[in-house]
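A short worksheet on the structure shown next.
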Amino acid sequence: MARLNILRYPDPRLHTVAKPVPAVDERIRRLVDDLLETMYAAEGVGLAATQVDVHERVIVMDTSETRDHPIALINPELTWASEEMRVAEEGCLSVPQIYDKVERHASVKVQALDRQGERFEMHAEGLAAVCVQHEMDHLRGKVFVEYLSALKRDRIRTKLLKKARDGQRDD
Ligand code: NI
């Protein structure tokens with residue numbers, strides 16, 4: 001396994017739309033393992049392949065408190081979303097140290113392939129629902145700051161660009 005470099009907003013590659021995975025083979029299993037290692041190392045609850053500059057529909061997440069319930073979703077599709085919406089504070093490994101409120105469906109059902117290529121359905125609520133919607137946004141090239149006002153987004157962009165220029169590290 002290997003830790004991968006995480007793209008930082010406003011890197012334009014974060015806006016790439018991911019393609020479906022043609023087959024769950026060794027290459028994809030290695031990608032899943034690398035995404036999980038990278039996510040755990042960065043103490044994130046989710047990571048999309050888009051964020052490591054791989055533009056295929058693969059996300060990983062672990063919203064358990066014990067950090068021992070890795071989930072891989074390959075070619076995920078929402079099959080149901082609650083009418084009830086909920087506002088929660090979000091962050092993103094591609095937008096370090098920025099947290100803000102985003103409104104999302106309170107619960108969703110998602111169908112995907114697992115690491116073995118088996119189809120499964122997951123009913124997510126609470127943090128898991130937030131996470132799966134956030135990560136699926138990444139696959140279509142959307143970063144959570146795009147839900148915020150243009151003013152806030154500009155401030156975030158300026159702050160992160162300055163940080164990148166100054167060569168500051170967050171870790
Ligand atoms: Ni994110």
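Please state the shape class of the range 16-171: rounded when a/c is under 1.5, otherwise prolate if a/b exceeds b/c and oblate if not, all from the C-alpha gyration tensor. Oblate is the answer for the range 16-171, as a/c is 1.5 or above yet b/c matches or exceeds a/b. Would you please state which residues of the range 88-127 a label at TRP80 would reach in this model, taking the label point 7 Å out along Cα→Cβ and a backbone N cut-off of under 20 Å? The answer is 104-114, 119-127, whose backbone nitrogens lie closer than 20 Å to the label point.
Near the amide H of SER64, within less than 5 Å, lie the amide hydrogens of HIS69, all on another chain or at least 5 residues away, with H placed in the peptide plane. Over the chain, with a Gaussian network built from C-alpha contacts below 10 Å, which listed residue (ALA72, ALA106, ALA49) shows the highest mean-square fluctuation? Greatest mean-square fluctuation among the candidates belongs to ALA106. With both residues required to sit in the range 1-116, DSSP beta bridges show an antiparallel share near 95%.
For ASP53, nonlocal amide neighbours, meaning residues 5 or more places apart or on other chains whose placed amide H falls under 5 Å from its own, are LEU7. Hydrophobic, long helices, defined as DSSP H runs whose alpha-carbon span along the helix axis is 20 Å or greater and whose mean Kyte-Doolittle value is at least -1.0, occur in the chain at 26-41. Once you order the gyration tensor axes a ≥ b ≥ c over the Cα atoms, which shape class does the range 76-146 get: rounded for a/c under 1.5, otherwise prolate or oblate by comparing a/b with b/c? Verdict is oblate for the range 76-146. When the GluC sites (Glu not before Pro) in the range 104-134 are filtered for DSSP coil states and for at most 12 other beta-carbon atoms within 10 Å of their beta-carbon, the remaining sites are GLU118.
The alpha carbon gyration tensor of the range 17-59 gives principal lengths a ≥ b ≥ c with a/c of 1.5 or higher and a/b no greater than b/c, which makes the shape oblate. By the helix-only formula, in which each DSSP H run with n ≥ 4 contributes -39500 (n - 2.57) and the sum is divided by residues, the chain has a 222 nm mean residue ellipticity of -9000 deg cm²/dmol.
Readers should treat all values here as calculations from the given coordinates under stated rules, not as data from a laboratory. Everything numeric in this text was worked out from a predicted model, so none of it was measured. Note: ideal-geometry Cβ built from the backbone for every residue, glycine included; neighbour counts use all protein chains shown.
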